[in-house]
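Note sheet for the following structure.
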Amino acid sequence: MTISLKVNGKPIKVACNPGDVLTDVLRNAGFVEVKKGCGTGNCGICTVLLDGVPVPSCSLIAGRADGHEITTIRGVEAEAKEFADFLVAEGADQCGFCSPGFTLNVLAMKKELKSPSVDEIKHYMAGNLCRCTGYEGQLRAVVKYLEAQHE
Amino acid sequence: MKNIAESALNVRGQTQYIDDLPEPAGCLQAAVRLSDSAHGRIIAIKTDKALALDPSVQVITGKDVPGVNQIGFNKPDEPLLPEHEWEYWGQPVALVLAKNRETARAAAKLVEIEGEELPVVTDPREAARNSDFILPSRTIQCGDTEEAFKHCAYVIEGRVESGGQEHVYLETQGAMAEVREGGKVFVISSTQGPSGVQRAIAQSLGLPMNMVEVEARRLGGAFGGKEDQAATWASLAALGAWISKKPVKLYLNRHEDMRATGKRHPYSSDFKIGAAQDGTILAFEADYYQNSGSTCDLSPAILARTVLHATGAYKIPNVRVTGYMCKTNLPSFTAFRGFGAPQAFFVIESAIDALSQASGIPVVEIQKKNLYREGDSTYFGMEMERVRAHEAFDRLLEKTQWHSLQAEISDFNHKSRTVKKGAAIIPVCFGISFTKLPMNQAGALVHVYVDGSVLVSTGAIEMGQQVSRKIATVVSETLGVPLENIRVERTTTLTVANTVPTAASTGSDLNGMAARIACLEIKKRLAGKAGELLGASPEVVRFENGMIFKNDEKTELSWKDLIVKANEARIDLSAHGFYATPDLFYDMKAERGKPFAYHVYGAAAVVATVDTMRGTYDLESVSIVHDIGHSLDISVDRGQIEGALAQGLGWSLLEDLRFGTDGKPMSDTLSTYKVPDISFMPRTMDIEFLPEIENPATPFNSKAVGEPPLQYGIAGYFAILNALRAANPAGKTFYSIPLTPEKAAGFLDGAEV
């Protein structure tokens, strides 16, 4: 089957099998910035925005994204770069494998929640696993990034 | 100033990990057929159905290995693909190649293993009863424990269990291989040790090592899991490429990775501790039954670290500790951050807890009384220098206002029925150096190009610990050149040979020193030329921030100009540096020596609350005082401490690695194996660094930071245990980690867990 997606603003058509998940379809189409962590929807590594809403792309049948807009980390270059500086400053960049998914979820949270508390941030980010940072540096980076947005 | 360019790329998803690299034309995808029982004899491997699936399918088995079908170097017990017997559930038995990954995986499922099931052992004590050991046991002895126990006011014995731990490096294992012109094999591997991978590939393909090139790019996490065990996947990819004559990529999915690869060793241990009336520990004995899994792998080195950390941060005059490497039908357990030390720390801290329970002396009093002091000798005869155990411990007591905190907790527990609080401290004293002595060496290659930019290659693998950034800092400070002119390249066996894995927390110590030595050599040559140009003796020439100074006065001569002039004068602008940690020695027969270059000290306090109805718990706070030396990058080191703590807490509390008695992996996905998430972490985390201190074994008095803080997680176990005791004083103490909510609920119910 062939599905139509709009990835980072650009319409594409991709061939896939009915059972393929969105992560694999995107990666096969060259969007390797979408990483695969667990394949069971538990780690958040493969997060992309589907019409602006964060989803674990490994648990979404690609066909269900047909006709929808997908945003990967490369589609939010400027914001990602800005947030990256906060992560690096807090020692929370480390291996980097979880960063694209984590960053997309932070950006989605920024849109969805006005001035979230630390508990709200933790609740929002609980689906994004990171094995390097112990989350503390990530949390500092998110808090400081959100503060900087208000200034 | 920071060299953040590469880091920023990671965050933006632009780093290429193994599976992101563009594939060479005609690249085949590989999959592995994993065994589906824990032990058996191979009668036949049937490939007909797999081959019938698609014309692109090829199946490769052990008999196809052209060289020696063996990648075990500590002991030859690890065939690349087994020809006679499989020894754990999830062992790769056949390699399958196909045009794409889906086809390769589907074909792998169709490969039939016809075999005869053999008995399965998963319990290390059962293996010990059968005398089924990987290698002979190891005992370190000091003084006379038997005699000492006779004079103790308290003698307590007990048993301690600690579970295994899955690495969950987020990038799974993988490699891409191709055979290039002249039969040269080129492999990109997600490995901490490219030279080890190179050796395994050369041996299994029957090639000299100079025909095999291995490159390692940035890894998406490793934590020890890619120290020895990356070799399997890289060798399989290379084997596939060699036989098919096409490029081959092998990249495991999470399920395959969690089944097939080794994890932290589970241990089952017995202890006996004896103390005087005042809590002075006089004697300690322990037997560690290490569950080594199916092959040797790194088990002896890991056991070495266990028996060398048996007394934790404490001076104990009479010691006898023995470690056993027990062979079981489980994946070969392997390196994991801490490398056998966390298991030892948990045993000694459990013994002290048991001593406190029996004597009524508070744990913290026993801990403080017995900490190492300057000039003490360890039970293996190493004289302790620059000891900071008391400094860290006392500062932590002060910082947490420990005594009033205890009073507050007791008051809280008096008033609160359904929520109870507990706190605990752990002091850490962690030896830095590879326990396998010959591994304490490193090389570096430094080039200065004619435009003044600097390129550094070392054996240090970048896997998130920002070792590249630290080495760049060392090079920048040594050459007096701004950081933006320095680039640290990925590791390949072409530029630096015979490297040791980036492991044992030594990555920036060893490779930083080697890079510094290379830079000093280049600088010596350049100082001669600068002296000549400035009419001064080389001794008064100094390099700083890209400019040349004479007698501490800035001159007109810049680094860039000097490089051009030096090149014109035909001065060598490249150097190879080599570093071997000095003064290390160890007599394996006597079990005496100085196996560590230095120690890292610290202490952590954890406060936790327990829901007494459910057994669930919350980590309220953690306070850490840590000995970091002169940090090469404070935010990186802080990140290392936080990350290590999370893994330590995960191991102590949450991560429940399970196998059935038939050896079946029961926690082989991230839906069945729970690692800490952001909400699991302590509500507050306070990290304080001890003042800088001299440390001649490293660049600029820095200290290794990767592993020591992992031990802090153990305080989480004891904090929760203490809260559980407040809820049920009659509860039966068990020393068994992880202390999952399930076990906590069992304690509250009075169950023997």
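Considering only the range B:559-579, I want to know if a residue exists there that is within 22 Å of the chain's Cα centre (by Cα) and either open to solvent by less than 50 Å² (accessible area, probe 1.4 Å) or in the same structural domain as B:S679 (by TED's automatic domain parsing) (or both).
Checked the range B:559-579: at least one residue is within 22 Å of the chain's Cα centre (by Cα) and either open to solvent by less than 50 Å² (accessible area, probe 1.4 Å) or in the same structural domain as B:S679 (by TED's automatic domain parsing) (or both).
Being in contact with a helix residue (DSSP H, G or I) (Cβ under 7 Å, 6 or more places away or on another chain), modelled with pLDDT of 95 or more and open to solvent by 10 Å² or more (accessible area, probe 1.4 Å) narrows it down to one of B:Q229, B:Q203, B:Q198, so name that one.
The conditions single out B:Q198.
Select from the range A:84-111 the residues that are more than 10 Å from chain B (Cβ to nearest Cβ) and small (G, A, S) and list them in ascending order.
Selection gives A:A108 alone.
Looking at B:G381, is it at positive phi, in contact (Cβ under 8 Å) with a residue 12 or more places away in the chain, within 30 Å of the chain's Cα centre (by Cα) and not in a helix (DSSP H, G or I)?
Yes.
Determine whether A:L60 is among the aliphatic types (A, V, I, L, M) and surrounded by fewer than 17 Cβ atoms within 10 Å (Cβ to Cβ).
It is false that A:L60 is among the aliphatic types (A, V, I, L, M) and surrounded by fewer than 17 Cβ atoms within 10 Å (Cβ to Cβ).
Given the conditions (1) surrounded by fewer than 19 Cβ atoms within 10 Å (Cβ to Cβ); (2) within 14 Å of chain A (Cβ to nearest Cβ), which single one is not true for B:P538?
Checking B:P538 against (1) surrounded by fewer than 19 Cβ atoms within 10 Å (Cβ to Cβ); (2) within 14 Å of chain A (Cβ to nearest Cβ), the one that fails is (2).
Give the range A:120-144 a look and list any residue that's among the aliphatic types (A, V, I, L, M), closer than 13 Å to A:S99 by Cα and in a loop (DSSP other than H, G, I, E, B), or say none.
Of everything in the range A:120-144, just one residue is among the aliphatic types (A, V, I, L, M), closer than 13 Å to A:S99 by Cα and in a loop (DSSP other than H, G, I, E, B), namely A:L129.
Condition (residue is surrounded by fewer than 17 Cβ atoms within 10 Å (Cβ to Cβ), part of a loop (DSSP other than H, G, I, E, B) and over 26 Å from the mean Cα position of the chain (by Cα)) applied to the range B:81-93: is it met by at least one residue?
Yes; the residues of the range B:81-93 include at least one that is surrounded by fewer than 17 Cβ atoms within 10 Å (Cβ to Cβ), part of a loop (DSSP other than H, G, I, E, B) and over 26 Å from the mean Cα position of the chain (by Cα).
Could you tell me which residue of the range A:69-83 is nearest to the other protein chains (Cβ to nearest Cβ), considering only residues that are in contact (Cβ under 8 Å) with a residue 60 or more places away in the chain and open to solvent by 60 Å² or more (accessible area, probe 1.4 Å)?
Only one residue fits best here, namely A:R74.
Which of the residues belonging to the range B:6-19 are surrounded by fewer than 19 Cβ atoms within 10 Å (Cβ to Cβ) and modelled with pLDDT of 90 or more?
Scanning the range B:6-19 gives a single hit, B:Q16.
So in the range B:439-452, with the set limited to residues that are open to solvent by 40 Å² or more (accessible area, probe 1.4 Å) and over 13 Å from B:P501 (Cβ atoms), which one is farthest from the other protein chains (Cβ to nearest Cβ)?
In this case the residue turns out to be B:V450.
Here are the criteria: (1) more than 11 Å from chain A (Cβ to nearest Cβ); (2) in contact (Cβ under 8 Å) with a residue 40 or more places away in the chain. Tell me which single one B:E642 does not satisfy.
With respect to (1) more than 11 Å from chain A (Cβ to nearest Cβ); (2) in contact (Cβ under 8 Å) with a residue 40 or more places away in the chain, B:E642 is out only on (1).
For the range B:675-704, give me each residue that is within 11 Å of chain A (Cβ to nearest Cβ), in contact with a strand residue (DSSP E or B) (Cβ under 8 Å, 6 or more places away or on another chain), assigned to a loop (DSSP other than H, G, I, E, B) and not aromatic (F, W, Y).
Those that are within 11 Å of chain A (Cβ to nearest Cβ), in contact with a strand residue (DSSP E or B) (Cβ under 8 Å, 6 or more places away or on another chain), assigned to a loop (DSSP other than H, G, I, E, B) and not aromatic (F, W, Y): B:M681, B:P682, B:R683.
Which strands (runs of 3 or more DSSP E) does the range B:397-460 wholly contain that include 1 or more residues that are in contact with a helix residue (DSSP H, G or I) (Cβ under 6 Å, 6 or more places away or on another chain) and not assigned by TED's automatic domain parsing to the domain that holds B:A344?
B:441-448, B:454-458
Working only within the range B:107-150, note down all residues that are of a type in the set (D, E, K, R) and in contact with a Leu (Cβ under 7 Å, 6 or more places away or on another chain).
B:R138
Looking only at the range B:458-477, decide whether some residue is more than 14 Å from chain A (Cβ to nearest Cβ), without any contact (Cβ under 8 Å) to a residue 24 or more places away in the chain and surrounded by 17 or more Cβ atoms within 10 Å (Cβ to Cβ).
yes
Listed here are the residues, each with its yes/no results for (1) within 14 Å of chain A (Cβ to nearest Cβ); (2) crowded, with 24+ Cβ neighbours inside 10 Å.
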| site | (1), (2) |
| --- | --- |
| B:G602 | no, yes |
| B:T616 | no, no |
| B:D627 | no, yes |
| B:I634 | yes, no |
| B:D637 | yes, yes |
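Here's the yes/no breakdown for (1) touching a Ser or Thr at 6+ places or on another chain (Cβ under 7 Å); (2) in a strand (DSSP E or B); (3) under 26 Å from B:P665 (Cβ atoms); (4) open to solvent by 20 Å² or more (accessible area, probe 1.4 Å):
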| position | (1), (2), (3), (4) |
| --- | --- |
| B:L207 | no, no, no, yes |
| B:G224 | yes, no, yes, no |
| B:W233 | no, no, yes, no |
| B:E256 | no, no, yes, yes |
| B:A286 | yes, yes, no, no |
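Within the range B:671-686, track down each residue that is touching a residue at least 24 places away in the same chain (Cβ under 8 Å) and either closer than 16 Å to A:C132 by Cβ or surrounded by 24 or more Cβ atoms within 10 Å (Cβ to Cβ) (or both).
B:V675, B:P676, B:F680, B:M681, B:M685
Do you know which of the residues in the range A:120-137 that are without any contact (Cβ under 8 Å) to a residue 60 or more places away in the chain, more than 7 Å from chain B (Cβ to nearest Cβ) and open to solvent by less than 30 Å² (accessible area, probe 1.4 Å) is farthest from the chain's Cα centre (by Cα)?
Filtering first and then ranking leaves A:I121.
Among the residues of the range B:297-318 satisfying the criterion of being small (G, A, S) and open to solvent by less than 10 Å² (accessible area, probe 1.4 Å), which is nearest to B:A344 (Cα to Cα)?
B:A310
Which residue, of B:S235, B:S190, is in contact with a helix residue (DSSP H, G or I) (Cβ under 6 Å, 6 or more places away or on another chain) and within 14 Å of chain A (Cβ to nearest Cβ)?
Exactly one residue qualifies, and that residue is B:S190.
Within the range B:486-504, can you find the residues that are over 16 Å from B:S190 (Cα atoms) and surrounded by fewer than 20 Cβ atoms within 10 Å (Cβ to Cβ)?
B:R487, B:L494, B:A497, B:N498
Of the residues B:L649, B:L653, which is open to solvent by less than 40 Å² (accessible area, probe 1.4 Å), within 12 Å of chain A (Cβ to nearest Cβ) and outside any loop (DSSP other than H, G, I, E, B)?
Checking each option against the conditions leaves just B:L649.
For the range A:100-119: of the residues being outside any helix (DSSP H, G or I) and at negative phi, which is surrounded by the most Cβ atoms within 10 Å (Cβ to Cβ)?
A:P116
The values are calculated or read from the model by the stated rules, or taken from the named source; none is laboratory data. What you see is a predicted model; the values in this text were computed from it and never measured. Here Cβ is always computed from backbone atoms with ideal geometry, including for glycine, and neighbour counts include all displayed protein chains. Only protein heavy atoms, including side chains, enter the accessible area calculation; ligands, DNA and RNA are left aside. Shrake-Rupley method; radii C 1.70, N 1.55, O 1.52, S 1.80 Å.
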